[in-house]
Amino acid sequence: MAQVLPGDPPPVHDLIGIGFGPSNVAMAIALSEHNARVGRQETVTAHFFERQPAFGWHRGMLIDDATMQVSFLKDLVTLRNPTSEYSFLSYLQSKGRLIDFVNHKNFFPLRTEFHDYFEWAAAKVDDMVSYGHEVVAVEPVLRDGVVEYLDVTARSRDGLVVHRARNLVIGTGLRPRMPEGVERSERIWHNSDLLAKVDALEGTDPSRFVVVGAGQSAAENVAYLHRRFPGAEVHAVFSRYGYSPADDSNFANRIFDPEAVDEYFTAPEDVKRKLMDYHGNTNYSVVDTDLIEDLYRRVYQEKVLGTERLHFHNVSRLTGVVETPERVHATVVSLVTGEQTALDADVVVYGTGYLPADGLALLGETAGLCHRDDEGRVRVERDYRVATRPALRCGIYLQGGTEHTHGITSSLLSNIAIRVGEILDSILDRTPASSDAPRPLTDGIGTVR
Ligand SMILES: Cc1cc2nc3c(=O)[nH]c(=O)nc-3n(C[C@H](O)[C@H](O)[C@H](O)COP(=O)(O)OP(=O)(O)OC[C@H]3O[C@@H](n4cnc5c(N)ncnc54)[C@H](O)[C@@H]3O)c2cc1C
């Protein structure tokens, strides 16, 4: 462990955020609004590291006609502070589209429009972030036998920088999930690669795509590839009987409410499991009804016209995927009859979901000071603070990866505005009012080492 030594310590912040996706952009905004309200003594200093070169939210899936699956009112701020200047409505006003949006009478903006909103909001707080900086290590810094700070090392094109934190907020998001043993490549994609890779096919006259999965992303890939390549077949392969609709009905939607987090958090383990079983279909392995109907309309129309190029292999799975320089050879196996169908394709796309990035993986030896439950899952308090041994004085907060403790909103946008307010309150509550705790030594970017 590093010891605090006299000399030239790294810049110290009350909070360092890892990742600058919507969760930590919202965190930066909450801090900014807090700092604007309070006197200089109560200012919370913060810095964020983001590995992407600029703000980007699931860029590979910014399909031009895809819409949000959450109301625009669940933006980065509104549920916490409806008068915030960082709201989606303020964004619309600044773009001169407020009245047009009102006339649109729609709660679900285009995904590209919400991306633009996120970018606009992130730019307003970009004095707090270093883009192109991937956090590669977190090391505890001891003072009198307790961990007083965490040293966060980030790697950029120019080398390594180290900043020192009293609190960490880990918002590293989701990572694409591929089936066991399948590697991503030029012809084998995860759906998150779609827009980054698809342009390279332009002019190559692809004849066949295979898309694996029955969730929203898989269905969007099927629809997109079918539309974009009118000469190609698209084969959807999934183990369900058919696409299942996302339950976005009024009462079920309450599972995303701030109060639902309280209830979920306090519920016994078996009730938590039941709630996920009952209401997983608000989010997981489900598809918007409009998209289901659109796909069905297309397949029926092709049947009528006798030009069938959209195919659905239900109750099936894809096996034996082998890539050659020109094609991907794969086999569809019926789970009912065991019948095998060979499918050669230009590209196989896996719409097989995402896993939460394991935030604690970055913590190195500090992870050993964090408590885990009987199933090895990280223990997290109601305020999103990781339960740790007393020897760790710093706060480690999780934005994401808390579905087992806080419920289904863990990886979603629905509760971000409220969650960052709760994290900020927790940090403020735990900061001694008139303390002899050392205040920030410097601000800004640390030295390259
Ligand atoms: C295609 C798609 C559409 C979605 N649409 C919706 C929707 O409509 N409604 C909804 O509620 N949810 C939606 N989601 C869920 C999604 O998780 C949230 O929208 C949102 O991305 C969560 O924000 P986040 O900041 O927690 O994570 P992310 O957006 O994943 O951001 C995490 C950030 O951390 C960065 N990072 C990771 N590791 C490091 C590191 N070591 N160092 C530095 N930076 C790092 C990443 O580059 C990334 O920018 C969607 C997800 C996908 C994939």
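The values are calculated or read from the model by the stated rules, or taken from the named source; none is laboratory data. Nothing here was measured: the structure is a model prediction, and the numbers come from that model. Glycine also receives a Cβ, built like all others from the backbone with ideal geometry; neighbour counts cover every protein chain displayed. Keep in mind that these areas ignore ligands, DNA and RNA; they rest on the heavy atoms of the full protein, side chains included. Shrake-Rupley method; radii C 1.70, N 1.55, O 1.52, S 1.80 Å.
Would you mind working out the magnitude of the charge dipole of the stretch 1-157 relative to its Cα centre, with +1 at each Lys and Arg C-beta and -1 at each Asp and Glu C-beta, to the nearest 20 Debye? Provide the component values of the computation, followed by the final result.
On the way: 14 positive and 20 negative charges, 80 e Å.
Dipole about the Cα centre, nearest 20: 380 debye.
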Ignoring any ligand, DNA or RNA, what whole percent of the accessible area of the chain comes from carbon and sulfur when the probe is 1.4 angstrom? 50
I need to check one value: relative contact order of the chain, counting alpha carbon pairs closer than 8 Å and at least 6 residues apart, in percent. 23
Unit charges on C-beta of K, R, D, E only; dipole of the chain, Debye: 200
Could you give the length gained by full extension between GLN340 and ASP8, i.e. 0.36 nm per residue of separation minus their alpha carbon distance, to one decimal place? 112.9 nm
Charge dipole of the chain built from unit charges on the beta carbon (Lys, Arg +1; Asp, Glu -1), centred at mean Cα; most positive-end Cα among GLY19, LEU201, THR352 is GLY19
Report the dimensions of the chain along its three principal axes from the alpha-carbon atoms, largest first, rounded to Å. 79, 49, 48
Length released on extending from GLN301 to ARG228, taking residue separation times 0.36 nm less the Cα-Cα span: 24.6 nm
In the stretch 38-117, with Lys and Arg counted as +1 and Asp and Glu as -1 at Cβ, which of these residues, GLY60, ASN106, SER71, has the Cα nearest the positive end of the dipole, that is, farthest along it? SER71
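In debye, nearest 20, what is the charge dipole magnitude of the stretch 101-236 about its Cα centre with +1 on Lys and Arg Cβ and -1 on Asp and Glu Cβ, if you could check? Mind dumping the intermediate values first?
On the way: 16 positive and 20 negative charges, 65 e Å.
Charge dipole of the stretch 101-236: 320 debye, to the nearest 20.
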